[in-house]
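Okay, structure first, notes after.
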Amino acid sequence: MFINKVRTAFGIFLLCLGSGVYAQDFKVVLDPGHGGKDFGAVRGNYVEKKIVLDVALKVGELLKRDKGINVVYTRNTDVFVEVRERSIIANREKADVFVSIHANAVANAPGASGTETYVMGTSKNESNLDVAKRENAVITLEDNYQTSYAGYDPSKPESLIGLTLMQEQFVSQSIELASKVQTRFTNDAERKNRGVKNGPFWVLHGAFMPSILIELGFLSNSEEGAYLNTDEGRNEMARAIANAIIDYKKQYHSASENIPVSKPVKAEPKEEPKQKDTVQPKAAEPAKTSSIDASKPEVITKEGVLFRIQIAASSKLLELKPANFNGLNNITFVKEGNMYKYFYNETTDYNHARKALEVAKTKGYNSAFLVAYKNGKKISVQEAIK
């Protein structure tokens, strides 16, 4: 019953995509976890709901310096917001990315420390499931949660695994955003990097756009809790998150200026330690080229570089006909693991690719984005046009 309701809602959402309108602005929905009667993790004077709210507000103020970025908060005061309402807000706002901000704590490991960023997915890692269990348990504070979340047991987060199909088309972008956050935490704020991970988080599964859940650090660690409880520490973390979002926007949407860090950035990025059950982006394979008709005021090309517009990703292999892609033709795909990634148009001209991206968005693919390859290897769009 519960899964059928969710599938129905997802089907309605897909129908709505067909009438979507491309917005020029890049919209970010920031979700400070917990709030109101839900304090989150508490260790002495370190209170999660207060820390994450302050960080989220700081991230928003930094992002607002870019006129091309719109910021929406799921809460901007100390109020209780239901878990399901948070992703509803992101969907209603047609956000380009959804970022949920939290802080960690464990009972029996006071030495545990470091940042980690999650994307929605399956996991057999006990630590990942424990984090999801703590965050998902918030729903028990909601009125009539047994009815609203019928069929879901917050003590068993793996019961959400059957619903992860709904996020498939956003997995690659979510991983890219999460990776940029972790890199910024390491290089800008000099925090311990616990990696990009996946887990069955309720707050992520209902958001139909690239979505991540950030754990800023462990309040159960006296040193890290003290750091996160200072204005300086929260400023550093907020700046790292904001710059990661800007990095993502520059790669997939349009250029922005990064926010200066308060300490020198090391010329050589630190090597991130390998973590079990981490997720890394995979390289795609070249496919057949195709093009669309578009006026090109200037041809921007670079030898060996090919641009594509990724419009979707799915575990299902679809016939490459316009009826399956909102009327778009010139569709190609590559298979990565168990996923099929679908692309619209291929060209060596950057301006031509930008026009194709606009076409894809007007056809309802609001989360479509540019990707670039050089000699068959995926590179950043910024690198491709230098």
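The values are calculated or read from the model by the stated rules, or taken from the named source; none is laboratory data. These numbers come from a predicted model, not from an experiment. Here the Cβ positions follow ideal geometry from the backbone for every residue, glycine too, while neighbour counts run over all protein chains shown.
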Tell me, please, whether a residue that is at pLDDT 90 or above and of a type in the set (D, E) can be found in region 94-112. yes
Which residues, counting only those in region 326-353, are at pLDDT below 85 and under 20 Å from K94 (Cβ atoms)? N326
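Give me the residue from region 289-313 that is polar (S, T, N, Q) and either surrounded by 15 or more Cβ atoms within 10 Å (Cβ to Cβ) or assigned by TED's automatic domain parsing to the domain that holds E176 (or both) and, out of that set, modelled with the highest pLDDT. If you could, list the steps in order and put the result at the bottom.
Step one: list which residues in region 289-313 are polar (S, T, N, Q), which gives 289-291, 295, 301, 310.
If we keep only those that are either surrounded by 15 or more Cβ atoms within 10 Å (Cβ to Cβ) or assigned by TED's automatic domain parsing to the domain that holds E176 (or both) too, we end up with 290, 301, 310.
Working: S290: 33, T301: 47, Q310: 88.
In this case the residue turns out to be Q310.
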Identify all residues within region 69-81 that are crowded, with 18+ Cβ neighbours inside 10 Å and assigned to a loop (DSSP other than H, G, I, E, B); write none if there are none. T74, R75, V81
Single residue of region 150-192 satisfying the filter (in contact with a Phe, Trp or Tyr (Cβ under 8 Å, 6 or more places away or on another chain) and at pLDDT 60 or above) that is farthest from L216 (Cα to Cα): F170
Criterion: under 21 Å from Y373 (Cα atoms), outside the structural domain of N375 (by TED's automatic domain parsing) and at pLDDT 80 or above - qualifying residue of D231, D247: D247
Residue under evaluation G60, criteria (1) in contact with a helix residue (DSSP H, G or I) (Cβ under 8 Å, 6 or more places away or on another chain); (2) more than 24 Å from N221 (Cα to Cα); (3) modelled with pLDDT of 95 or more, criterion not met: (1)
Residue list for region 207-249, filter: among the hydroxyl-bearing types (S, T, Y) and outside any helix (DSSP H, G or I): S211, S220, T230
Among (1) in a loop (DSSP other than H, G, I, E, B); (2) closer than 30 Å to A368 by Cα, where does V106 come up short? (2)
Residues of region 350-386 being surrounded by 20 or more Cβ atoms within 10 Å (Cβ to Cβ) and closer than 11 Å to V305 by Cα, in sequence order, are Y350, V371, A372, Y373, V381, A384
Expected output for region 190-201 (first residue under 15 Å from I241 (Cβ atoms), partner crowded, with 22+ Cβ neighbours inside 10 Å and aliphatic (A, V, I, L, M), Cβ below 6 Å, 6+ apart or cross-chain) is V196/A178
